[in-house]
1. Please verify whether the range 154-161 includes one or more residues that are acidic (Asp, Glu), modelled with pLDDT of 95 or more, under 24 Å from CYS262 (Cα atoms) and in contact with a Gly (Cβ under 8 Å, 6 or more places away or on another chain).
2. With respect to ARG128, is the statement that it is open to solvent by 60 Å² or more (accessible area, probe 1.4 Å), out of contact with any His (no Cβ under 7 Å at 6 or more places or on another chain), in a strand (DSSP E or B) and over 30 Å from GLY247 (Cβ atoms) true?
3. List the residue pairs whose Cβ atoms are under 7 Å apart, where the first residue sits in the range 75-102 and is under 18 Å from THR152 (Cα atoms), the second is among the hydrophobic types (A, V, I, L, M, F, W, C) and open to solvent by 40 Å² or more (accessible area, probe 1.4 Å), and the two are 6 or more positions apart or on different chains.
4. Given (1) surrounded by 14 or more Cβ atoms within 10 Å (Cβ to Cβ); (2) more than 15 Å from ALA156 (Cα to Cα), identify the lone condition not met by GLU275.
5. I need the strands (runs of 3 or more DSSP E) fully contained in the range 14-108, keeping only those with at least 3 residues that are touching a His at 6+ places or on another chain (Cβ under 9 Å).
6. From THR152, THR123, which residue is touching an Asp or Glu at 6+ places or on another chain (Cβ under 9 Å) and of a type in the set (S, T, N, Q)?
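The values are calculated or read from the model by the stated rules, or taken from the named source; none is laboratory data. All figures in this text were calculated on a predicted structure; none of them were measured in a lab. In this analysis, Cβ positions are derived from the backbone assuming ideal geometry, glycine residues included, and neighbour counts consider all displayed protein chains. Accessible surface areas use protein heavy atoms only, side chains included; no ligands, DNA or RNA. Shrake-Rupley method; radii C 1.70, N 1.55, O 1.52, S 1.80 Å.
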Amino acid sequence: MSGTASTSGARRHVAAAGGLLWRNGERGLVELVAVWRPQVGNWSLPKGKLDPGEHPLTAACREVEEETGIPVIPQMWLCRPSYVLPNPAGDVLKWVDYWSMRTEKPEAGFTADEEIGERRWLTLSEARAALTRPRDQEVLKAFASLPAVTATVILAAPAEVEASWDGPEVTRPLSDRGRDQAVRLAALTSLYQPDRAYSATGRASVQTVEPVAHAVRCTLSGDSTFDAEAHGRNPLRTGVQVRELAGGGGAAIVCAEPEVVCDTVAILADEDGLEVPDVSTRAGEAWVLSLSGQRLIGLERL
């Protein structure tokens, strides 16, 4: 997906991404960041176009930090408002993916420029009055309808393995492509700043999660709960383990064997009433599980 207007199909389109960055304010109320855009004369949520080839989540975090000066940690995908931009060469369909976000530095410095003239923390009621664009109201509604995200668990499948390996299966390493997949996965999952990392005992699982553990400087621990053999003996145990990880708050990343990932996503979604029509998971692919306490409230294929 790219932020450059596409000419494919009957209507061009532009992809963008942004965030609803929130904190618990001094008045005991949830507050969120809004930015003043002097060129259009309105308050809005921070957002911007994707760079060519950029992942929407990466763009969302980059744009929010660029426009507010505040480093962010994504939590949960909220919605994708879309709207039409009139253009003499043909109308352009624009959509914006929004995530809820938190920060550990809410008072980071801000410098006004021609694009963003002011940054302000607003309560939800203040934001509803100030952010007049329908797309911002859609994001506020999506955020307000959910309980607070207290934990993120990233559940990843091992990246592509070396096909020609003739040693024991548990020692089968990643292929060259698999190592590239692990690096890409680390670039995305490190945005969540996990403070704990776990893997199934197979070499491929360990190699898949090592780059992110290294990037965020957290300890990587092996856990046979995430092995296919252990999961087969007790399929519900993996879900219980994920909920226990969520109980600690913050963010954790787990690399489990492929069938374990699929089963666990399906079981947790079913237990907590979320619809997920397709739980198939490709090599090196991950799911972001957003939890409130130990209750699953959101699922996103990363």
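1. Taking the range 154-161 and keeping what is acidic (Asp, Glu), we get 160.
Now narrow it down to the ones that are modelled with pLDDT of 95 or more: 160.
Now restrict to residues that are under 24 Å from CYS262 (Cα atoms): 160.
Those still in the list that are in contact with a Gly (Cβ under 8 Å, 6 or more places away or on another chain) too: 160.
Yes, that holds for at least one residue.
2. Taking the combined requirement at face value, the residue does not satisfy it.
3. Pairs that qualify, where the first residue is under 18 Å from THR152 (Cα atoms) and the partner is among the hydrophobic types (A, V, I, L, M, F, W, C) and open to solvent by 40 Å² or more (accessible area, probe 1.4 Å), are TRP99/TRP77.
4. (1)
5. 92-102
6. Being touching an Asp or Glu at 6+ places or on another chain (Cβ under 9 Å) and of a type in the set (S, T, N, Q) holds for just one of THR152, THR123, which is THR123.
Condition check ((1) acidic (Asp, Glu); (2) touching a helix residue (DSSP H, G or I) at 6+ places or on another chain (Cβ under 9 Å); (3) open to solvent by 60 Å² or more (accessible area, probe 1.4 Å)) across all residues:
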position: LYS105; (1), (2), (3): no, no, yes
position: GLU115; (1), (2), (3): yes, yes, yes
position: LEU124; (1), (2), (3): no, yes, no
position: VAL153; (1), (2), (3): no, yes, no
